[in-house]
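Every number in this text was worked out from the coordinates using simple rules, so none of it is lab data. Only a predicted model underlies this, so the values are computations on that prediction, with no experimental measurement involved. Methodologically, a virtual Cβ is constructed for each residue, glycine included, from the backbone with ideal geometry; neighbour enumeration extends over all protein chains shown.
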């Protein structure tokens, strides 16, 4: 029996209000005749991305960017010629001075590349010749939410599609039984996550909602409501979905609303995931030597180590974009107590992921990225002591590393000044980083666009250049 309210035609006003959706649907269908989009624009070096995002801002000066001359300047103020008229956050705006504090941790050279790495990263040092470190990244934002939003969506303002959504929209999926864009959230071992993470960071923004990331949980069902309730068999669920799909298809034919097509596709994806996800998240069959590679925390659901192993399994299944968040890096005070714990959480598992992909022959076409939304200041926040200090947000220059997927191994790009305060050479803006990621996937960042509110939008918005110096 037909539902009159469901099938009721629109008024003229409703039709005009929804006309944009109908036109958008027509354009979208022209791009989506199959899962093979108009992209890639050229031969890709990478097929997939794993972004190990360290939310809160890891201190580049204590981890990746060695500045030995800061020891000579302990407790001296940052020179005005270096500081310039730079903005500062509200956390330090009332400090009388900005005294330099060098890292209290040792740095050593590793590998044939002679890369300098902090002693807090003993496992990362073992992949020194596999990673490419960018020591000249910079951002426009000085606070967490706009900075995370910028690096994830290309804008400091909420509402834009996330990077994973853009990539899904541009390239589509290579696995019909799993989402193309999966999100994994990890809690630090000390239970202090600091900054929150909002679901809009993996949202589709103004793109059709089918492109939003799907968050997997670390405990219980990996995806909420994926299991059938008691008494509902797979056959009953299939019949139910067929009936719902028939109603949705009739409405989609009448309205042209792309969100109805999305709804149909997501119901079908959820049905297929009921089989694919349990097998995916069951890591018990992984060989013991593989589990040992990731460390003891691999046995703790929701840990960074467990999620890194899960990320490799997702990559094996050709999930296009895997976003792994780890929180707890916001060290305004007590950095010397908190930073070692954060490093222990991620060091072994990050290196294990690179090694695991490499030994499976997957690193060459999997791009792994490690970094946060900004770095930390070379000056102390609060009292300055040689072995006890905090650091404020710092977006003028910071570091991250990349591996695989067409990036030069053992390479270092760019340089900060002797204070680790400003870019000295080879600056990489967040939009440059995004343009480079898309380029490695075979996408021209200027051509991956979507029309919304009267203009064409893209991930890199109005600027951005590929960092060709880091490409193989």
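By how many nm would the segment from residue 82 to residue 296 grow when fully extended, if each residue of separation counts as 0.36 nm and the alpha-carbon distance is taken off? Intermediate results must be reported in sequence, preceding the final value.
Numbers: separation 214, 0.36 × 214 = 77.04 nm, distance 4.40 nm.
Stretched fully, the residue 82-residue 296 segment lengthens by 72.6 nm.
Given contacts defined as C-alpha pairs under 8 Å and at least six residues apart, what's the relative contact order of the chain, whole-number percent? Here the relative contact order equals 29 percent. A simple spin-label model places pseudo-atoms 7 Å from Cα toward Cβ; at residue 226 and residue 463 they are separated by 4.2 nm.
Helix 258-281 and the longest principal axis of the C-alpha atoms of the chain enclose an angle of approximately 60°. Among 468, 97, 391, 458, a tally of other beta-carbon atoms within 10 Å of each Cβ gives an order, fewest to most, of 468, 97, 458, 391. Of the peptides 239-249, 395-405, 310-320, the order by per-residue mean of other Cβ atoms within 10 Å, starting with the highest, comes out as 395-405, 310-320, 239-249.
As a calculated quantity, the FRET efficiency between residue 246 and residue 206 at R0 = 35 Å, using C-beta atoms, amounts to about 0.75.
Which of 61, 448 has the fewest other C-beta atoms within 10 Å, and how do the rest follow up to the most?
Numbers: 61 27, 448 23.
Placing the least packed residue first, the sequence is 448, 61.
List 60, 138, 331 from most exposed to least, where exposure is judged by having the fewest other Cβ atoms within 10 Å.
Details: 60 29, 138 21, 331 24.
Least crowded to most crowded, the residues run 138, 331, 60.
The calculated pair-distance distribution of region 311-448 uses every alpha carbon pair, bins of 10 angstrom beginning at 0, and gives 10, 33, 35, 18, 4, 0 percent.
Over the chain, dividing the summed -39,500 (n - 2.57) contributions of all DSSP H runs of at least 4 residues by the number of residues returns a 222 nm mean residue ellipticity of -10000 deg cm²/dmol.
In this label model, residue 43 and residue 337 are separated by 5.5 nm, measuring between points 7 Å along each Cα→Cβ vector.
By how many nm would the segment from residue 415 to residue 472 lengthen if fully extended, with 0.36 nm per residue of separation less the alpha-carbon distance? Could the numbers behind the result be given before it?
Details: separation 57, 0.36 × 57 = 20.52 nm, distance 1.98 nm.
Contour length minus Cα-Cα distance gives 18.5 nm.
Between the helical axis of 430-440 and the longest alpha-carbon principal axis of the chain there is an angle of about 60 degrees.
With R₀ fixed at 56 Å, the C-beta to C-beta distance from residue 74 to residue 274 puts the FRET efficiency at about 0.40. Could you tell me how far the Cα centroid of region 308-377 sits from the Cα centroid of region 225-303, in Å? Each part reduced to its Cα centre gives a spacing of 25 Å.
Using only alpha carbon pairs under 8 Å that are at least six residues apart, calculate the relative contact order of region 281-346 and give it in whole percent.
Working: 37 pairs, mean separation 14.7, N = 66.
Relative contact order here is 22 percent.
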